[in-house]
């Protein structure tokens, strides 16, 4: 059995867990998202829907839409994580209103923060998209 045939399904599960985790932190724990968190949400939430539809239709061509979103999302998450953990990054782009982007609501094991979790999710989705076999083209 080839894991590649489950890559689309696994990417959808990752996006669902990330979306539900994000909603848990904001709606149940009461953490107010900062500006960079909103950008990450803007990219992750549609992935749950897009990957869900693609999974049920077994549409492997969806990777051309999902991969760019995952790469952009992981870039934003990495920048956000660096703002939290590297002192020099926090001053590059301060948030204008509300919660500062350098704030850490969680800090599990000294390095796991919400942007780190988003970075892992976006990176996993990107890797899983790269593992999907290209659909056969009709000549």
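Computed values, structure above
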read-out	value
Length-normalised contact order for the chain - Cα pairs under 8 Å, 6+ apart - percent	36
Helix 63-85 axis, angle to the chain major axis (alpha carbon atoms, nearest 10°)	20
Angle in degrees between helix 35-57 and the longest Cα principal axis of the chain, rounded to the nearest 10	20
Calculated Cα extents along the principal axes in Å (choose from [x] 54, 30, 28; [y] 37, 33, 22; [z] 40, 35, 26), label	[x]
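Just so you know, all these numbers are worked out from the coordinates, no wet-lab data involved. Remember, it's a predicted structure, so these values are computed and weren't measured experimentally.
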